[in-house]
1. Using the structure shown, decide if Ile226 is surrounded by 15 or more Cβ atoms within 10 Å (Cβ to Cβ), among the hydrophobic types (A, V, I, L, M, F, W, C), more than 42 Å from the chain's Cα centre (by Cα) and assigned to a strand (DSSP E or B).
2. Only one of these is at pLDDT 90 or above and more than 22 Å from Thr11 (Cβ to Cβ): Glu103, Glu86. Name it.
3. For Ile358, are the conditions met, namely being assigned by TED's automatic domain parsing to the domain that holds Thr283, free of Cβ contacts under 8 Å to residues at least 24 places away in the same chain and within 24 Å of Thr304 (Cα to Cα)?
4. Any residue at all in segment 481-495 that is within 39 Å of the chain's Cα centre (by Cα) and at pLDDT 90 or above?
5. Give the number of residues within segment 497-516 that are buried (at least 16 other Cβ atoms within 10 Å of the Cβ), of a type outside the set (Gly, Ala, Ser) and assigned to a strand (DSSP E or B).
6. Might you check whether a residue that is closer than 18 Å to Val475 by Cα and modelled with pLDDT of 90 or more occurs anywhere in segment 542-559?
7. Being hydroxyl-bearing (Ser, Thr, Tyr), part of a helix (DSSP H, G or I) and touching a strand residue (DSSP E or B) at 6+ places or on another chain (Cβ under 8 Å) is the filter here, so list the residues in segment 4-63 that pass it.
8. Taking into account only those residues within segment 172-210 that are in contact with a Lys or Arg (Cβ under 7 Å, 6 or more places away or on another chain) and assigned to a helix (DSSP H, G or I), which is surrounded by the most Cβ atoms within 10 Å (Cβ to Cβ)?
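The values are calculated or read from the model by the stated rules, or taken from the named source; none is laboratory data. Worth saying up front: this structure is predicted, and the values here are computed from it rather than measured. We place every Cβ from the backbone using ideal geometry, glycine too, and count neighbours over all the protein chains shown.
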Amino acid sequence: MVLKPDHPKFTVLMANKAYLEATSTTEADLLGIGILEAFPENPGDTATGNVNTLRNALIECLTMKRQTVLPSQRYDIPIRGSTEFETRYWQASNSPILNDNGEVEFIIHIAIDITGAFQLARQERVAFEVAETRRKELHSLFMQAPGAICILRGPEFIFELVNPSYQQIFPGRNLLGKPVLEALPELKEQKIYQVLKNVYDTGKVYEGKEIVTQISRHEGSTPENIYWNFIYQPRYDAENKIDGIIVFAYEITDLVIARQNIQKNEERLKLAVENAAAGVFDTDLKTGKSIVSLLHSQTFGYDTLQQDWSFERLLEHVIPEDKEVAKAGYLRVRTEGAIDTVLRIRRLDGALRWISIIGRVHYDSKGEPERIIGTTTDVTDKMEIQRQKDEFISTVSHELKTPVTSIKAYAQVLIKTLGGTENAQNLHFLERMQVQVDRLQFLIQSLLDITRIESGKLNLQPELFAMDKFLVEVVGDLQLITSTHKLIITESSPVHVFADQTRISQVLTNLITNAIKYSPLADQVNISLKQENSVMICCIQDFGVGIPEQEKPFVFGRFHQAEQLNKDSGMSLGLGLYISKEIVNREGGDIWFESEVGKGTTFCFSLPKCI
């Protein structure tokens, strides 16, 4: 039974099944009640003074902080539900459990019912049997305990008891019955052995935390570092003299090594962060506070590490034109799980700089966004190079547009002029030239679209139209110029959208022509249109080569090409998917894909539907 040290009540906190059976009680009869209230004195047996004996033993255990053993005695227990008592004989003890401050936190009251033994005979043999029963019960308790327990007897510290958990730590060594220094001679020159002797000499309990010992687990093997949390508790005999030490221990080697490895990794990470080319941040999404590296602080013009960084501090540096972009990116973090944005900031010294912020969200055990870890990089030089490249592309595209248009017009005139059978070969060459000119015009238009997108001048002219009917028209037009594949609309739902019809046609054309281009061995492309909740979803499925895993992150990038998948696919700058994504995003939709190498790819895009 576990008692609370609240003298004079000694409230019952817990009683095990054996105790309840021995006293014919239930938990409801005992828990929360003082032990002397639960087991009052029998009015018919006032001469034995057993209640006072128990009370005094509990008080002594509490005040002296040591075990008290009650003499074998009669202690009648009440018969529940009546005023009668049942005669019983018991052998009991009280053991204090001390906290870290050396104060009694609980009292373990052990009572052994020896009524039967007293009824058989009041002889020493019976008393010995009762004591042996108690010893066996305690032995069983120790042997079944999950922690490592051993009892060391006498000043030589002979292993009197070693439970399985303790022996498991030294699977290849015989401990029982041997003195400590004979069983584990490695301990002789180690501090832990001196601690053991000190506890035996002074009687002071010792608690060790993360104490390392160098011991061999197997006889003759190389000693290794073993870490322990343990308590050395002196054991007292009947004359209140120390006759041994009880050891309660837990091996924590794996935990300590794991923590040491984590600390080493943290040191390596810190070193990597300090020497990285990008500033690093770790933001708590609940408080908004951030831990940043020195380079992160320097990116914003500070010479010293900023300890109080936050999203609000970031906004103070973002120029007014980009504040909404920053806020939108921060809000999307919680829903999309990542951030990848480019902003303009004013450094502390007033310099205008471009920065790239890339980060990923980490979640707690409940799946809630907890923190975002990422990098901040000054990309001003990169953006300047990009600006110069965009200007070059724009200039070249405009310069090419006029002569290419003229070439196309001359080709059309020549085709009409040479419209006879005797000029069949020349007509064929002219028609092929016109096809190549059309391709060149498409590339020039794509380059112009890129410059419009980058400069924010890609104007959209939205209008309300029936997407299902429009899809039939676009697919029909493409089928007329496609002889290798059947373009099949497998599913179509009536749905209206408010978008730029010309740009949506551009998206559909890009996705369908890509599906044809990258499925040279197939003869079919499937197109579907459906509604889900408040959006329209259109999907284009091919049965071609698929997209390798290493290519997937870059599919929507500018100038990204995967021509190695189909080397006969013709001229391409890798702009179609980038432009398509920009158009769909600006229309308030999304675009994504699923792909498996050798089986094909499905591209889908969504748009808000109009009811």
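1. No: the conditions fail for Ile226.
2. Glu86
3. In short, yes.
4. No, segment 481-495 has no match at all.
5. Going through segment 497-516 one residue at a time, the tally reaches 1.
6. Yes, segment 542-559 contains at least one residue that is closer than 18 Å to Val475 by Cα and modelled with pLDDT of 90 or more.
7. Residues satisfying the conditions are Tyr19, Thr23, Thr53.
8. Selected residue: Ala183.
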